[in-house]
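Take a look at the structure below.
The values are calculated or read from the model by the stated rules, or taken from the named source; none is laboratory data. These numbers come from a predicted model, not from an experiment. Backbone-built Cβ (ideal geometry, glycine too); neighbour counts: all protein chains shown. Note: accessible area is taken over every heavy atom of the protein model, side chains too, but ligands, DNA and RNA are not part of it. Shrake-Rupley method; radii C 1.70, N 1.55, O 1.52, S 1.80 Å.
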Amino acid sequence: MGYTQNVRHTLFATFVFFFSTSTTFAALDLSKTNLPYPDVVIDSPYALPISLLTSEGVLEGNDDGMFRPNSNLNRAEFSKIAITLGFPELEHETYAARCFIDVKPASWYAGFVCFAKGIEIVSGYPDGNFRPSREVNYAEAIKMLTEL
């Protein structure tokens, strides 16, 4: 298993651990779980966390209905997941602004990223950019989750 796989397993395990502290996660039965994505099979190690976090509104699939569980997350996507996980009732649109040079207020992720910046869960690069499309690395992901 390569580094990317280890990161992916660790991130999903972290999501499940974090989420299980506030729900009755242990009572879930995967055989009764509805997987909304055709590319996530029931015997996948990601099936239960993906199903659980989708049902709670933390995860969403892509516009084409696929989830792409083997794709890496970028910084914008992970910021959205972390903020939604930690602040499920947050009306993120109210935080949309130009909090970084490369974060446009109209972008789907602006409210999540700017809120995360405001509570010091994320920080940008010295040049003032956030680089939302850059793949989130392990250290960034763990920092965001532990700061929650």
**Complete:** Checking rank on 49-58, 93-102, with mean other Cβ inside 10 Å and highest first, the result is 49-58, 93-102
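Across the stretch 38-148, how large is the tail of the calculated P(r) beyond 22 Å, expressed as a percent of all Cα pairs? Each step should come with its number before you reach the end.
Values: 1945 of 6105 pairs.
For the stretch 38-148, the share of Cα pairs beyond 22 Å comes to 32 percent.
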**Message:** Accessible area of the stretch 99-148 with a 1.4 Å probe: how many percent of it is carbon plus sulfur?
**Reply:** 55
**Request:** Report the chymotrypsin sites (Phe, Trp or Tyr not before Pro) located in the stretch 108-148 that are in a DSSP loop and have at most 15 other Cβ atoms inside 10 Å of their Cβ, or state none.
**Result:** W108
